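Accompanying notes for the structure given below.
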Amino acid sequence: KSPDGLAPDIIRTRTTNCECDMTKDSNVVTITSGDASGIEIGTRVGVLGGGGILDSQVSKLTSPITATSTTITLVDARGLTTLAPLLIGDELISFTAVSGNTITGVTRGAFGTTAVAHTTSEDIGVARYLGATVIAKSGNTITLNKPCLKTAIGVRLVYGTIDAGV
């Protein structure tokens with residue numbers, strides 16, 4: 001899949017979705033719901049938001065926002081889709097619509113993150129999937145070959161390819 005979840009796919013493969021909890025700077029991820037039976041050592045996974053902000057879809061706020069703002073205007077909102085949450089600082093933000101450079105129907109502190117005030121100097125952009133390889137599995141806990149960059153609960157984990165290489 002393309003890193004931003006949009007077409008076109010880079011490499012197409014069988015994918016399965018489940019949900020997981022992740023902790024910043026930890027490579028241990030807990031599967032909380034969905035089918036994780038196909039995850040084994042060597043499986044490539046993508047953990048939503050675990051990879052920081054997608055470099056190609058990043059912007060700035062036009063004005064500071066409070067922890068309760070439900071409408072947010074960006075300098076440039078081109079390419080944003082409601083399918084992918086936004087990341088600013090350590091906060092994930094989901095939204096229901098984009099109109100011009102304004103996102104509306106905003107849910108602050110999505111996926112168990114903490115809603116806080118943000119300034120115009122902070123980057124805001126599409127939450128990037130952390131692409132990693134499973135190096136250990138015990139029950140519903142998997143260990144990845146690299147750590148997650150954020151803490152979140154109930155985020156999407158996508159898997160499909162085992163022992164992939166390019």
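The values are calculated or read from the model by the stated rules, or taken from the named source; none is laboratory data. Quick caveat, the model's predicted, so the values are computed rather than measured. Cβ atoms come from the backbone with ideal geometry, glycine included; neighbour counts cover every protein chain shown. The protein model used for the area step is the full one, side chains on, heavy atoms only, and it has no ligands, DNA or RNA in it. Shrake-Rupley method; radii C 1.70, N 1.55, O 1.52, S 1.80 Å.
Couplings 3J(HN,Hα) of segment 47-64, computed from phi: 10, 4, x, x, x, x, 9, 5, 4, 7, 9, 10, 8, 10, 6, 7, 8, x Hz, in residue order, whole Hz [Karplus 6.51 cos²θ - 1.76 cosθ + 1.60, θ = phi - 60°; x for Gly and Pro]. Solvent-accessible area assigned to carbon and sulfur over the chain amounts to 53 percent, based on a 1.4 Å probe. Spin-label model, residue 23 to residue 55: label points 7 Å out along the Cα-to-beta-carbon direction sit 3.0 nm apart. Residues whose amide H lies under 5 Å from that of residue 106, counting only those 5 or more places away or on a different chain, are 96; hydrogens are built 1.01 Å from N in the peptide plane. Given the alternatives (1) 38, 24, 12; (2) 53, 17, 12; (3) 29, 17, 13, semi-axes √(5λ) of the Cα gyration tensor in Å as computed for this entry is given by (3). Around the amide H of residue 32, modelled in the peptide plane, lie the amide H atoms of 19, 20, 21, all under 5 Å away and 5 or more residues distant in sequence or on another chain. The phi-based Karplus calculation (6.51 cos²θ - 1.76 cosθ + 1.60; θ = phi - 60°) puts the 3J(HN,Hα) values of segment 143-149 at 10, 9, 7, 8, x, 6, 8 Hz, whole numbers, x for Gly and Pro. Per-residue Karplus couplings for segment 97-109, computed as 6.51 cos²θ - 1.76 cosθ + 1.60 with θ equal to phi - 60°, are listed in order as 7, 10, 10, x, 9, 10, 9, 10, x, 6, 10, 7, x Hz, Gly and Pro entered as x.
Once both labels are positioned 7 Å from their Cα atoms along Cα-to-Cβ, the gap between residue 120 and residue 140 label points is 4.5 nm.
Summed over the residues of the chain and divided among them, the accessible surface reaches 48 Å² per residue at a probe radius of 1.4 Å.
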